[in-house]
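Colleague: Below is one structure. I have some questions about it.
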Amino acid sequence: MISVVVPTYNEEQNIERCLQSLADQTVSRDTYEIIVVDGDSKDRTRELAEPLADSVFIQKSKRVGGARNDGAMAARGDIVATTDADCILPRDWVETIGRNFAERDIVQLYGTVYPIEGGFRNQLSLFGANTFSRLGYHTRTIYFTLGCNTAFDREAFVRAGMYRCIDAGDDLEIAQRMRKIGKVYLDPGLAVGFSMRRYQQFGTLKSISEWLYIVLRGGEAGGATYSQREYK
């Protein structure tokens, strides 16, 4: 059993597309569950998610990391995978996650991203992110384990202390603790469609610079860009 956790907050424009891609996988639907953890949305997010998910509930912990933790604690699976409500998952996403954990002795798995929206600038931005991810992995300096495309051995994840409930950088920070327990593995073929809407709204350079600023400060106190994404 693989448990897929999807944090949400006011995502009525995206949640159905995300969950429909999760429902249309190459493996049997009874081999994985979909858990939607909502930050008390003010729109129809939960209403739209309920027919497509196995469980939908309001989070108790803070921030997106806390939502993922709440989902992991409710999970029935031995593997917990996480993605975002504005992502599109390829049909073999769940199968690829399961195969990696079956064939490799790993505690965490992560992949790459490609832009859902068209345009050369979007392609270039995520090409840079994926290149950075590969360099960090192969030099063993940083694990760019984006929360939109990662999976954990659930027991190891809980033992490591799960995500920190911070504004940004929680998905990088957790990998540093997971690597002390076991192997963290990058599968470049595990790619998800990633929405560039925030980069388009705030600008790529501003979004990246603010993200780096928050991460370097230890993940606390984000500014305008990340406050727009805050979960309960």
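Colleague: Consider only pairs whose beta carbons are under 6 Å apart and that are at least six residues apart or on different chains; among these, list those whose first residue lies in the stretch 1-15 and is free of Cβ contacts under 8 Å to residues at least 40 places away in the same chain and whose second residue is in a helix (DSSP H, G or I).
Modeller: If the second residue must be in a helix (DSSP H, G or I), the pairs left are Glu12/Thr45; Glu12/Leu48.
Colleague: Which is closer than 27 Å to Ser55 by Cα and either aromatic (Phe, Trp, Tyr) or touching a Lys or Arg at 6+ places or on another chain (Cβ under 7 Å) (or both), of Val158, Val107?
Modeller: Val107
Colleague: Follow-up question, since we're still on this one. Read through the list (1) surrounded by 18 or more Cβ atoms within 10 Å (Cβ to Cβ); (2) touching a residue at least 60 places away in the same chain (Cβ under 8 Å); (3) closer than 22 Å to Phe194 by Cβ, then give the number of the only condition that Thr26 fails.
Modeller: (1)
Conditions (1) of a type outside the set (Ser, Thr, Tyr); (2) within 27 Å of Arg177 (Cβ to Cβ), marked per residue:
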residue	(1), (2)
Thr96	no, yes
Arg104	yes, yes
Val107	yes, yes
Pro115	yes, no
Thr131	no, yes
Arg134	yes, yes
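Colleague: Further question: Kindly state which helices (runs of 4 or more DSSP H) lie completely within the stretch 87-186 and contain at least 2 residues that are without any contact (Cβ under 8 Å) to a residue 40 or more places away in the chain and farther than 24 Å from Val37 by Cβ.
Modeller: 93-103, 120-139
Colleague: In the stretch 66-86, how many are under 18 Å from Gln20 (Cβ atoms) and assigned to a loop (DSSP other than H, G, I, E, B)?
Modeller: Final tally of qualifying residues: 4.
Colleague: Suppose we filter Asp43, Asp78 for residues that are modelled with pLDDT of 95 or more, touching a strand residue (DSSP E or B) at 6+ places or on another chain (Cβ under 9 Å) and surrounded by fewer than 24 Cβ atoms within 10 Å (Cβ to Cβ); which single one remains?
Modeller: Asp78
Colleague: Further question: Within the stretch 1-60, which residues are β-branched (Val, Ile, Thr) and part of a loop (DSSP other than H, G, I, E, B)?
Modeller: Across the stretch 1-60, the qualifying residues are Thr26, Val27.
Colleague: Does the stretch 60-70 hold any residues that are touching a Ser or Thr at 6+ places or on another chain (Cβ under 9 Å) and surrounded by fewer than 24 Cβ atoms within 10 Å (Cβ to Cβ), and which are they?
Modeller: Within the stretch 60-70, just Asp70 meets the criteria.
The values are calculated or read from the model by the stated rules, or taken from the named source; none is laboratory data. Treat the numbers as computed from the prediction; the structure is a model and nothing was measured. Backbone-built Cβ (ideal geometry, glycine too); neighbour counts: all protein chains shown.
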